[in-house]
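Colleague: Take a look at this one; I'll ask things after.
Please treat every number below as a calculation from the coordinates, not as lab data. All values derive from a computational prediction rather than experimental measurement. Virtual Cβ from ideal backbone geometry, glycine too; neighbours counted across all protein chains shown.
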């Protein structure tokens, strides 16, 4: 008879509100580490939740928390748990916020009832109810953590694809981390945009920081190279490590007529020669330049 | 019926696409350009698509077709000023426009065309010289 239990619980909460609140807050303060949340904040949160539970029990007379009458309690719990997720509470402590109400509530039930059957039924109702609330809290906690992780991933995506200008007409794109479809899309777009902005003839895709290259990654790279060629810029792929070269050949990936170089330096040299420049030594190696010695002492 | 103007600059024809291309317009351009290359004996075609923001598979094929026709008529084609979004779309459609030369802007495209024309002229001169010694 859940209806009966619910109304009896509501009455119990009404009668022993202050006593329950005090006991619950005391339980909480044992669990939570010092300094993470102030005692007065904690007491306020407990009071609000206890009031919401009482109102829900009195109004809805149901112990399923997905009902309309539990909306206020759900709202409050959602707020508290996402706040705790941001403050860096562990998930167990966030769940304990609700679960630590069990002991005070069981104590109160035991004192209120002298019939064993009624007591057992009441305890079952309370356990069921608090478990639901705790699960809801944990779920909200995880959701807000996941939202945080997603946002950080997006940030990383933006930060990890800088297009740098090496020389007038030469761009370089040092790629770091695994290349998946969404990242390659951003890489491609930002590279092409920069080619238009700077009017560069040559772009160097440096994959030194890419841990593995599979057929999909190679295909993404080739797409980027082709798109750049369509716009009238030439692409050079550099930074291919020995293991990656072996993987590419073993997978049978056809890089077509794309120019590849082992190091960024080689690629830069080629890029300079494509735009009609070259790097040379001004004086023989080891020969001191005029005025170089005093400058070195400074 | 509107059409895209084809401008003649010495041995080179200049086509600048400034309006939204639709299929009929693209077909007209293809015909007009073939006629113009033959009539002028042009050695190069420069197609500026910097104002083209949207492209479909048909448009991509038209560009490849125009380049193919020009090649048959002994003229080099350079496509200039392709927007990033257009380039990405063409790559995703699997149209890499093999055999079409590309450049970032008109200036670079014109330099590329002149180099191509000069190269061929040089070859012709060599052949003339060879004929002369015989």
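Colleague: At what distance in nm do the modelled label points of residue A:40 and residue A:124 sit from each other, each positioned 7 Å from its Cα along Cα→Cβ?
Modeller: Inter-label distance under the simple model: 4.5 nm.
Colleague: Could I have the simple spin-label model distance between residue B:74 and residue A:197, label points 7 Å from Cα toward Cβ, reported in nm to one decimal?
Modeller: 4.6 nm
Colleague: So what's the back-of-envelope 222 nm ellipticity for chain A, counting only DSSP H runs of four-plus at -39500 (n - 2.57) apiece and dividing by all residues, rounded to 500? Walk me through the intermediate numbers first.
Modeller: Details: 12 runs with 193 residues, N = 298.
After summing the helix terms and dividing by residue count, I get -21500 deg cm²/dmol.
Colleague: Using a Förster radius of 45 Å, what is the FRET efficiency between residue A:250 and residue A:165 based on their Cβ-Cβ separation? Nearest 0.05, please.
Modeller: Computed FRET efficiency for residue A:250 and residue A:165: 0.80.
Colleague: Over the Cα atoms of the protein assembly as shown, how large are the radius of gyration and the largest Cα-Cα distance (Dmax), in Å?
Modeller: Here Rg and the maximum Cα pair distance are 36.5, 128 Å.
Colleague: Still on this model: Once both axes come from the Cα atoms, what is the angle between helix A:102-112 and the longest principal axis of chain A, in degrees from 0 to 90, rounded to 10?
Modeller: In chain A, helix A:102-112 runs at an angle near 10 degrees to the longest axis.
Colleague: Something else: Give me A:156, B:127, B:62 sorted ascending by neighbouring Cβ count inside 10 Å, so fewest comes first.
Modeller: Fewest-to-most Cβ neighbours within 10 Å comes out as B:127, A:156, B:62.
Colleague: Shielding by partners for B:81-93, please: the mean number of other protein chain Cβ atoms within 10 Å of each residue's Cβ. List each step's numbers first, then the result.
Modeller: Numbers: counts 3, 7, 4, 13, 4, 4, 14, 10, 2, 3, 10, 3, 0.
For peptide B:81-93, the averaged partner shielding equals 6.
Colleague: Taking 0.36 nm per intervening residue step and subtracting the Cα-Cα distance, what contour gain separates residue A:263 from residue A:83 on full extension?
Modeller: Details: separation 180, 0.36 × 180 = 64.80 nm, distance 4.81 nm.
The residue A:263-residue A:83 span can extend by a further 60.0 nm.
Colleague: Place the peptides A:133-145, A:80-92 in order of packing, highest mean first, counting for every residue the other Cβ atoms within 10 Å and averaging per peptide.
Modeller: Top of the packing list down: A:133-145, A:80-92.
Colleague: Can you give the calculated 222 nm mean residue ellipticity of chain B, where each DSSP H run of n ≥ 4 adds -39,500 (n - 2.57) and the sum is split over every residue, rounded to the nearest 500 deg cm²/dmol?
Modeller: Mean residue ellipticity at 222 nm (helix-derived): -18000 deg cm²/dmol.
Colleague: Expressed in nm², what is the orientationally averaged projection area of the convex hull enclosing the Cα positions of segment A:3-157?
Modeller: One quarter of the hull surface, i.e. the mean projection, equals 9.5 nm².
Colleague: Another question, if that's okay. Given a Förster distance of 25 Å, report the FRET efficiency between residue B:54 and residue B:107 from their Cβ-Cβ distance, rounded to the nearest 0.05.
Modeller: Numbers: r = 25 Å, r/R0 = 1.00.
After rounding to 0.05, the efficiency reads 0.50.
Colleague: For residue A:7, put the label point 7 Å out on the Cα→Cβ axis and report which residues of segment A:60-98 keep their amide N under 17 Å from it.
Modeller: Flagged as within label range: A:60-64.
Colleague: Using only the alpha-carbon atoms, how far is helix B:106-133 inclined from the longest principal axis of chain B? Give it as 0 to 90 degrees, nearest 10.
Modeller: Tilt relative to chain B: about 30 degrees.
Colleague: Could you give the length gained on full extension between residue A:182 and residue A:91, defined as 0.36 nm per residue of separation minus the Cα-Cα distance, in nm?
Modeller: Length gained, residue A:182 through residue A:91: 29.7 nm.
Colleague: Here's another thing I want to ask about it. Jot down the per residue volume, in cubic angstrom and as a whole number, of the convex hull over the alpha-carbon atoms of chain B.
Modeller: Hull volume normalised by residue count: 105 Å³.
Colleague: So how long is each side of segment A:164-274 along the principal axes, counting just the alpha-carbon atoms, biggest first, in Å?
Modeller: Extents along the principal axes, in whole Å: 36, 29, 23.
Colleague: Now for a separate question. Using the 10 angstrom Cβ neighbour count as an exposure proxy, how do A:165, A:261 rank, fewest first?
Modeller: Ranked by crowding around the Cβ, least crowded first: A:165, A:261.
Colleague: Compute the helix-to-body angle for A:264-274: its Cα long axis versus the longest principal axis of chain A, expressed 0 to 90° and rounded to tens.
Modeller: 50 degrees
Colleague: Multiply the residue gap between residue B:85 and residue B:128 by 0.36 nm, knock off their C-alpha separation, and tell me the result in nm, one decimal place. Let's see the in-between values first.
Modeller: Numbers: separation 43, 0.36 × 43 = 15.48 nm, distance 4.62 nm.
So the extension gain works out to 10.9 nm.
Colleague: Let me ask another. Fewest to most neighbouring Cβ within 10 Å: what's the order for A:46, A:235?
Modeller: Details: A:46 21, A:235 24.
In order of increasing Cβ crowding within 10 Å: A:46, A:235.
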